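Input: a single structure, listed below in structure tokens.
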Amino acid sequence: MATTKFTTEQKDDKGFKPLIIAGLIIAIVIVLLFNCFSVVNEGFIGVKYQFGKIVDSDLTAGLNFHIPFIETIEQVDTREQIYSVQTDAYTSDTQTVNTLILKVNYCYDSGKLSEIIRQIGISNVETKLLVPNVAKIAKDEIGKVQAEKLVQNRSDVQNAIYTSIKETLAPQGIIVTAFAIENLSFDDAFEQSIQAKVIAAQDALKMQNKTAEKEEEAKQKVIAAEADAEAQKLTAEAEAYAIQVVQEQIAKSPEYIDYLKISNWNGVLPQAIGTEVNPFIALDGNTTTTAGTATATTTPATAE
């Protein structure tokens, strides 16, 4: 009986071992499958390494295949980066720019990404490329202009620095998208002198505006006087022409003067009428005529 039981247990062990092996194989396959793919996020580029050597530097966002334990995929952020630095500088007239704050917006050139990784390393881009170049170029460009012009033409200097930085970093795979001088400050005495000069210029501009205003007022008065004189001239010419027309009409027809008298009569009778030496005079302003004889009507005064 004991011998039979031992044999049965051996048979059971032999049937169980294949199941264990199969399970291990399935587990290994699952692990390998999971390790065959890597996810590259949006805004990143995948760089594939094979035993430490770059074999592909342009893997797009999404699921990307690689051989487990042989190849690896690393993500590189290709979104716009911002580098800011504070330094000082000197203008061409030896004025000191005490606080000069510069900001550079940049991103990586995907076509030169593998070259950047091989020669510099992504983590060293700022220290090896931006730090030495941005400050140096800014100081060189500021050193070409006078302090006053730097204040007045800040945008021109900023554009010159931007162009120079862009041209310097482009061959090394860095695309500069924007540049700004966020702050620049001089010694207090120089800033006060600049402020005083600006105030003086503003006052001069105000005086110029006032002078121009006075000149404009004088011009308007001259124009108004000329217009008035022209109007009077036209009125006089019109009256002269009217008189001429009347004279010509009277010359043609003497009765025209009687027509004018009637047309211009206001309806009020004259206060004295008659052709005798002693004409009738109306004391109350009322006169009556009968058959060509003038009669004056008076109201006698009442004696008290």
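Things to note:
- Yes/no for residue 55 being free of Cβ contacts under 8 Å to residues at least 24 places away in the same chain and assigned to a strand (DSSP E or B): yes
- Residue in the range 162-180 that is surrounded by the most Cβ atoms within 10 Å (Cβ to Cβ), counting only those that are among the polar types (S, T, N, Q) and in contact (Cβ under 8 Å) with a residue 12 or more places away in the chain: 164
- The set of residues in the range 122-145 being within 15 Å of residue 180 (Cβ to Cβ) and not small (Gly, Ala, Ser) consists of 130, 134, 137, 141, 142.
- Residues that are in contact (Cβ under 8 Å) with a residue 12 or more places away in the chain, in a helix (DSSP H, G or I) and over 18 Å from residue 55 (Cα atoms) within the range 98-127 comprise 125, 126, listed in sequence order.
- Residue in the range 104-122 that is open to solvent by less than 40 Å² (accessible area, probe 1.4 Å), more than 22 Å from residue 46 (Cβ to Cβ) and under 26 Å from the mean Cα position of the chain (by Cα) present: yes
- Residue among 182, 148 that is acidic (Asp, Glu) and either part of a strand (DSSP E or B) or touching an Asp or Glu at 6+ places or on another chain (Cβ under 7 Å) (or both): 182
- Residue pairs meeting the criteria (Cβ under 8 Å; at least 6 apart or on separate chains; first more than 14 Å from residue 177 (Cβ to Cβ) and aromatic (Phe, Trp, Tyr), in the range 66-90; second outside any loop (DSSP other than H, G, I, E, B) and open to solvent by 40 Å² or more (accessible area, probe 1.4 Å)): 90/139
- Residue among 159, 183 that is out of contact with any Cys (no Cβ under 6 Å at 6 or more places or on another chain), within 16 Å of residue 83 (Cα to Cα) and open to solvent by 30 Å² or more (accessible area, probe 1.4 Å): 183
- Scanning the range 62-92 for residues that are of a type in the set (A, V, I, L, M) and not in a strand (DSSP E or B), we see that the one that is modelled with the lowest pLDDT is 67.
- Just one of the numbered conditions (1) modelled with pLDDT of 85 or more; (2) open to solvent by 80 Å² or more (accessible area, probe 1.4 Å); (3) over 30 Å from residue 145 (Cβ atoms) is not true of residue 59: (2).
- Scanning the range 123-156 for residues that are at pLDDT below 90, closer than 17 Å to residue 76 by Cβ and either of a type in the set (Lys, Arg) or open to solvent by less than 60 Å² (accessible area, probe 1.4 Å) (or both) yields a count of 0.
The values are calculated or read from the model by the stated rules, or taken from the named source; none is laboratory data. As the structure is a computational prediction, the values presented were derived from the model and not from experiment. Ideal geometry is used to build each Cβ from the backbone, glycine not excepted, and the neighbour counts take in all protein chains shown. These accessible areas exclude ligands, DNA and RNA; they are computed on the full protein's heavy atoms, side chains included. Shrake-Rupley method; radii C 1.70, N 1.55, O 1.52, S 1.80 Å.
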